[in-house]
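To start, the structure itself, in structure tokens.
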Amino acid sequence: MSSRPALVWFRQDLRLADNPALAAARKTGAPVIPVYIFDESLAHAPGGASRWWLHHSLEALSGELDKLGAKLILRRGAAAEILPDLVEETNAGHVFWNRRYFPGHIEIDKKLKSSLTDAGVEVETFNGALLREPWELKTGSGGPYRVFTPFWKALKQAGPARADTEANPRKLETKKANVKSDKLKDWGLLPDKPNWAKDFEPVWTPGEAGAREALRDFLNDDIGDYKDGRDRPDKDYTSRLSPHLAFGEISPLQVWQATRAKMSEGEVSDSAGEKFLSELCWREFCYCLLFYNEALPETPLREEFSDYPWRDDKKGLAAWRKGETGYPIVDAGMRQLWQTGWMHNRVRMIVASFLIKDLLIRWQDGEAWFWDTLVDADLANNSAGWQWVAGCGADAAPYFRIFNPVTQGEKFDPDGAYVREFVPELKDMPAKHIHAPWKAPDDVLDKAGVELGKSYPHPIVDHAAARKRALEGYEKIKRG
């Protein structure tokens, strides 16, 4: 047992259970000092919705650590400077952290590990965020995967790198130390004047306990409908685990093992379980893409798309952000995003296609808005998802696949329940006309209390004409 304490540096792993860095620190027998550093010097600092979640997640983590007799030390600033200062301040003999994979983070971590090791501090790092490290799965030619289906098959065959999850610690060796800590409220992570996140709280429970509850409820109640119903925004068939995974309040291994256990027990069908796990592994695929392509958030993987004839349409972008495009399924998605900090995945594809292909606005503008407004904003998922819809990324949808917002609404929100929930000015429209109110007869509009151009906007673009325009742009870059 070492008398010098062990620092555990929490990052995207805000949980106690199945936390390899915390488990390794406990095994030393040394007093454990948990630390979180809010580092805004890094590229891609968290957006507004993520800051709201981070505040509540840190609050929850601090409460769980308190139960074990430990205090979460909070510091704000550049981790490259703060962590060495904390090591010196606490006389720590060990530092543990779980690895991260975003651009710039890896280089900082390498330098920190090297400098701390040179100073005589033992540093150990672990995989706490992925089922497999990005470099562990390779194609037959030895390179990284660029197509999801073979990646999923390889990961399913290889399985997770660790066989079992680690239980929640029941006790933690701690040491009373006079270590200064910031006060969470002083970081100003919560919005104020106006509090645009006021409607988040009834929807979400940030923290490890909330993550466990979300997984349990999904596996007990909703996963049976997931395979066929996950594309229906009017139904509650998705897990909503994405923000919990983004902040590391639950590990993908915990999700994998819990799902496999339900499948083994016959409580979840193989088809439903496999479909859900494949979506979990889409996240892994995105992390691999980002690991090998650091410019993914800004630059198309297919270089020819850099020359696409995009439009500078500030009014169109503003209407899209506000959910005032005149296309009800698009507007419902954008308003759900603003009200709840989340959007159904099928609708994410629809609104992204509308911005990119109907309005010809750069996908990077959409990615930036999602980054600021999603509670589950994840650089790998966000970047890869937008490039997939744009047709310029790995394993992307063909560029000529342009979602028709009317037919998408009719197919996936057939009764209009999703639109009615988030576009209340259309709540009295009959299902037959709710996804294209501009085509409804005047008497139908009058009865529903809808006045186009006043209570609800006319479409800001004609989809058929926009589709033709987008395809013409694609032909231009094909010709070079």
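Please compare each pair in K432/K468; K71/K185; K411/K439 to a cut-off of 22 Å on the Cα-Cα distance and tell me which ones are over it.
Violating the 22 Å Cα-Cα cut-off are K432/K468.
Hey, how many Å between the Cα centroid of segment 328-377 and the Cα centroid of segment 43-119?
Comparing the Cα centres of segment 328-377 and segment 43-119, I get a distance of 31 Å.
Per residue, how big is the convex hull of segment 183-289 when only Cα atoms are used? Give it in Å³.
143
Could you go through segment 222-230 in sequence order and give the Karplus-derived ³J(HN,Hα) for each residue, using 6.51 cos²θ - 1.76 cosθ + 1.60 with θ = phi - 60°, rounded to whole Hz, and x for Gly and Pro?
Each residue of segment 222-230 in turn: 10, 5, x, 9, 5, 4, 8, x, 5 Hz.
So what is the diffusion coefficient of segment 339-428 in µm² per second by Stokes-Einstein at 10 °C and 1.306 mPa s, using a Kirkwood Rh over Cα pairs? Write down the numbers at each step before the final one.
Working: Rh = 13.9 Å.
After rounding, the answer is 114 µm²/s.
Putting +1 on Lys and Arg Cβ atoms and -1 on Asp and Glu Cβ atoms, find which of A318, Y474, S353 reaches farthest to the positive end of the dipole of segment 303-479.
Y474
Stokes-Einstein at 4 °C, 1.567 mPa s, Kirkwood radius from Cα pairs: D for segment 303-479 in µm² s⁻¹?
The Stokes-Einstein estimate is 78 µm²/s.
Helix 48-67: angle to the longest alpha-carbon principal axis of the chain, degrees 0 to 90, nearest 10?
So the inclination is approximately 30 degrees.
Near the amide H of F38, under 5 Å away, which other amide H atoms are found, from residues 5 or more places off or on another chain, if H is placed in the peptide plane?
R75, R76, G77
For the chain, what does the helix formula give at 222 nm: sum of -39500 (n - 2.57) over DSSP H segments with n ≥ 4, over the residue count, nearest 500 deg cm²/dmol?
Rounded to the nearest 500, it is -13500 deg cm²/dmol.
Tell me which residues come under 5 Å, amide H to amide H, from F126 once H is placed; ignore anything under 5 positions away on its chain.
Amide H neighbours of F126, under 5 Å, 5+ apart: W97, N98, R99.
In degrees between 0 and 90, to the nearest 10, how far off the longest principal axis of the chain does helix 270-292 point, with axes built from Cα atoms?
70
Kirkwood Rh, segment 6-128, all Cα pairs: how many Å?
In segment 6-128 this quantity evaluates to 14.8 Å.
What would the Debye formula give as log10 I(q)/I(0) at q = 0.13, 0.16 Å⁻¹ for the alpha-carbon point model of segment 19-83, no solvent?
Computed log10 I(q)/I(0) values: -0.44, -0.66.
List the residues, sorted by chain then number, that are 5 or more residues from Y456 or on another chain and whose placed amide H is less than 5 Å from its amide H.
E451
Evaluate segment 228-272: find the radius of gyration of its Cα atoms, find its Kirkwood radius, and give the ratio Rg to Rh. Walk me through the numbers on the way to the answer.
Details: Rg = 12.3 Å, Rh = 12.0 Å.
Using Cα coordinates only, the ratio equals 1.02.
So what J values fall out for segment 311-325 if you push phi through Karplus, 6.51 cos²θ - 1.76 cosθ + 1.60 with θ = phi - 60°, rounded to Hz, Gly and Pro as x?
Each residue of segment 311-325 in turn: 9, 9, 10, 5, 5, x, 5, 5, 5, 4, 4, 7, x, 10, 8 Hz.
Could you line up M429, M349 from fewest to most neighbouring Cβ atoms inside 10 Å?
M349, M429
If you line up the long axis of helix 328-340 against the longest principal axis of the chain, both from Cα atoms, how many degrees apart are they, to the nearest 10?
30
Taking the Cα centre of the chain as origin, sum charge times position over the Cβ atoms of Lys and Arg (+1) and Asp and Glu (-1), and report the length of that vector in debye to the nearest 20.
Rounded to the nearest 20 debye, it is 500 debye.
Mind sorting out which of (1) -0.26, -0.46, -1.43; (2) -0.30, -0.53, -1.43; (3) -0.53, -0.73, -1.25 is the real log10 I(q)/I(0) by the Debye sum over Cα atoms at q = 0.06, 0.08, 0.14 Å⁻¹ computed from the coordinates?
After the calculation, the listed value that fits is (2).
Since every read-out is calculated from the coordinates, none of them should be taken as a lab result. Keep in mind the model is a prediction, meaning the values are calculated, not measured. All Cβ positions, glycine included, derive from the backbone under ideal geometry; neighbour counts span all protein chains shown.
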